[in-house]
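**Student:** Could you have a look at this structure, given as structure tokens, before my questions?
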Amino acid sequence: LPRFESFGQGFAGVAKAIFLIFAFAMVAWYLLQVSSAAFKVKLAPSFFVKHLSLRVLLSSAVKLAGMVGITRDKMGNSFVKFHNDLMYATRTGKNAKKILLLLPRCLSTEVRNKIKELSDKYQFVAYTAFGGDEARKAIKDHRPDAVIGVACERDLISGIQDTAPKMPVFGIPNKRPEGPCKNTSMDVKELEKIVRYCLNV
């Protein structure tokens, strides 16, 4: 404030007003996102979900989580669920004709068999990607209306941030009972729920 006051009478008041307006807008925007996700109601334009939420909210949340001892993986898991809820709330990805499911190579055979049954039932493409570049190429080649990614939290966040501004994308964190990259599992019921939502069946 003393620095602003040095520019002349009234500068400090103007700076204070601008800061308060900005702070109020950020709090209101945050509450809209949380309310949308919680009540599955579209309260904010899709643009804010695709851009501001993915870039501003995530980075801020990760920093705050680190300050209170929450791990990045736990924060990432929470963010992926929050992002999915925002997709439902804004009706993003609904009535998709073509769905691409991106899978990690470490999924167990048992889980893959269950996914194969679902892909045959709902007619979507399940593709095993060996990295981010291959996942992007698969999206470019298949040109889906919606993407569902299964991976660890870190890879999911990266994939969502990279893909969501361009097309609807959902994430499902994998489960690692034997450690990273070995016979991992996933919530197949959650996958079916997302598929049925996208196909509107």
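**Student:** Just to be sure, is residue 195 at pLDDT 95 or above, more than 25 Å from residue 72 (Cα to Cα) and not acidic (Asp, Glu)?
**Tutor:** So residue 195 passes the test.
**Student:** For segment 52-70, check the following and say yes or no: at least one residue is open to solvent by less than 20 Å² (accessible area, probe 1.4 Å), in contact with a strand residue (DSSP E or B) (Cβ under 8 Å, 6 or more places away or on another chain) and either modelled with pLDDT of 75 or more or at positive phi (or both).
**Tutor:** Checked against the condition, which is being open to solvent by less than 20 Å² (accessible area, probe 1.4 Å), in contact with a strand residue (DSSP E or B) (Cβ under 8 Å, 6 or more places away or on another chain) and either modelled with pLDDT of 75 or more or at positive phi (or both), segment 52-70 yields no hits at all.
**Student:** Check whether at least one residue in segment 96-115 is within 27 Å of residue 39 (Cα to Cα) and open to solvent by 60 Å² or more (accessible area, probe 1.4 Å), and report yes or no.
**Tutor:** Yes: one or more hits.
**Student:** Specify the residue that is nearest to residue 110 (Cα to Cα); the eligible residues are those in segment 150-168 that are outside any helix (DSSP H, G or I) and open to solvent by 10 Å² or more (accessible area, probe 1.4 Å).
**Tutor:** The residue in question is 151.
**Student:** Could you list, in sequence order, the residues of segment 174-201 that are part of a loop (DSSP other than H, G, I, E, B) and in contact with a Cys (Cβ under 9 Å, 6 or more places away or on another chain)?
**Tutor:** Once the filter is applied, which keeps residues that are part of a loop (DSSP other than H, G, I, E, B) and in contact with a Cys (Cβ under 9 Å, 6 or more places away or on another chain), segment 174-201 yields 174, 176, 180, 181, 182, 183.
**Student:** Any residue in segment 114-136 that is at pLDDT below 95 and assigned to a loop (DSSP other than H, G, I, E, B) sitting within a Cβ distance under 7 Å of a residue that is charged (D, E, K, R) and surrounded by fewer than 14 Cβ atoms within 10 Å (Cβ to Cβ)? List the pairs, counting only those 6 or more apart or interchain.
**Tutor:** Pairs that qualify, where the first residue is at pLDDT below 95 and assigned to a loop (DSSP other than H, G, I, E, B) and the partner is charged (D, E, K, R) and surrounded by fewer than 14 Cβ atoms within 10 Å (Cβ to Cβ), are 130/105.
**Student:** Could you please find all residues in segment 150-161 being under 21 Å from residue 94 (Cα atoms) and more than 10 Å from the chain's Cα centre (by Cα)?
**Tutor:** 150
**Student:** Looking at segment 185-193, is at least one residue of a type in the set (Lys, Arg), in contact (Cβ under 8 Å) with a residue 40 or more places away in the chain and within 19 Å of residue 84 (Cβ to Cβ)?
**Tutor:** No, because not a single residue in segment 185-193 is of a type in the set (Lys, Arg), in contact (Cβ under 8 Å) with a residue 40 or more places away in the chain and within 19 Å of residue 84 (Cβ to Cβ).
The values are calculated or read from the model by the stated rules, or taken from the named source; none is laboratory data. Keep in mind that this is a model prediction, so the values were computed, not measured. Every residue, glycine as well, gets a Cβ built from its backbone with ideal geometry; the counts of neighbours run over all protein chains shown. What goes into the accessible areas is simple: the full protein's heavy atoms, side chains included, and nothing from ligands, DNA or RNA. Shrake-Rupley method; radii C 1.70, N 1.55, O 1.52, S 1.80 Å.
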